[in-house]
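This report concerns only the one structure given below.
Throughout, read-outs are computed from the coordinates displayed, never taken from laboratory work. Please read these numbers as outputs of a predicted model, since none were measured by experiment. When we count neighbours, we look across all protein chains shown, and the Cβ atoms used for this are built from the backbone with ideal geometry, even at glycine.
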Amino acid sequence: MNVRPAELADVNSCLVLDHSYVTDHVWQMRVHEEEGNLSVAFQTVRLPRSMRAPYPRALEQLVDDWQQGEGFFVAEEGDQIRGYLDGRVQPWQEVLWVTNLAVDREYRRRGIGSALVRHARQWAREQGLLGILVEAATKNYPAVHFYEKLGFRFCGFNDQYYLNQDIAVFFVQLLR
């Protein structure tokens, strides 16, 4: 497998990957407000049955993201794109914000996502960035578990982030 910067022709291959996921757990958010104190907690909850979920982002943005020329990488085997990582540099935070990370469903759990993150990590270091920021929907437990496994740490949430009303949780990995 080879991880490299994406070319314009690769974007079409990224668009046709199966971005959906199946989960049997979610990160359930609990909010408790009492006497001016607000506490928020996330708890892993097992679902009664597996759930298939669509990807929550509009993928038409990929061409614009590629044109930015910042942190867009593909993983290929032979001449086939198996996954991609699309990130944007946030200069004032000095982080690479990963806006899309996808591996075609048939090729998941083979190290492709990890290779993409390792490549992005090295690229971010070469750019002098301080960290990498990623996000996932609370019901995308496979992504949450993946980021935790790679050493990312929970750093926040936004309950109005996705158009489909899913809650986004954010994770960061510092590079220094």
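Structural remarks
- Helix-only mean residue ellipticity at 222 nm for the chain, each DSSP H run of n ≥ 4 adding -39500 (n - 2.57), per residue, nearest 500: -6500 deg cm²/dmol
- For the chain, size of Cβ-based charge dipole, Lys and Arg +1, Asp and Glu -1, in debye: 720
- Count Lys and Arg as plus one, Asp and Glu as minus one, and take only other residues whose Cβ is under 11 Å from that of Asp65; the net charge is then -2.
- If you plug the beta carbon distance of Ser39 and Arg176 into 1/(1 + (r/R0)^6) with R0 = 41 Å, you get a FRET efficiency near 0.85.
- With θ taken as phi - 60° and the Karplus curve 6.51 cos²θ - 1.76 cosθ + 1.60 applied, the whole-hertz 3J(HN,Hα) list for the stretch 108-121 is 6, 6, 10, x, 5, x, 5, 5, 5, 5, 4, 4, 5, 4 Hz, x standing for glycine and proline.
- Taking Pro56, Pro142, Pro48 as the candidate residues, the one with maximal mean-square fluctuation in a Gaussian network model of the chain, Cα springs under 10 Å, is Pro48.
- Option label - P(r) over Cα pairs in 10 Å bins from 0, in percent computed here, alternatives (i) 10, 42, 39, 8, 0; (ii) 9, 37, 37, 14, 3, 0, 0; (iii) 8, 23, 25, 20, 14, 7, 2, 0: (ii)
- Of the residues Val31, Val103, Val22, the one that moves most in a GNM of the chain with alpha-carbon contacts below 10 Å is Val31.
- Under DSSP loop assignment and at most 12 Cβ neighbours within 10 Å, longest GluC sites (Glu not before Pro)-free interval of the chain: 36-176
- Of Leu150, Leu38, Leu59, the one that fluctuates the most in a GNM where the chain has Cα springs shorter than 10 Å: Leu38
- Ordering Gly71, Asn37, Ala115 by Cα displacement along the dipole of the chain toward the positive end leaves Ala115 in first place; charges were set at the Cβ atoms of Lys, Arg (+1) and Asp, Glu (-1).
- Counted charge near Arg82, where neighbours are those whose Cβ lies closer than 10 Å (Asp, Glu -1; Lys, Arg +1): -2
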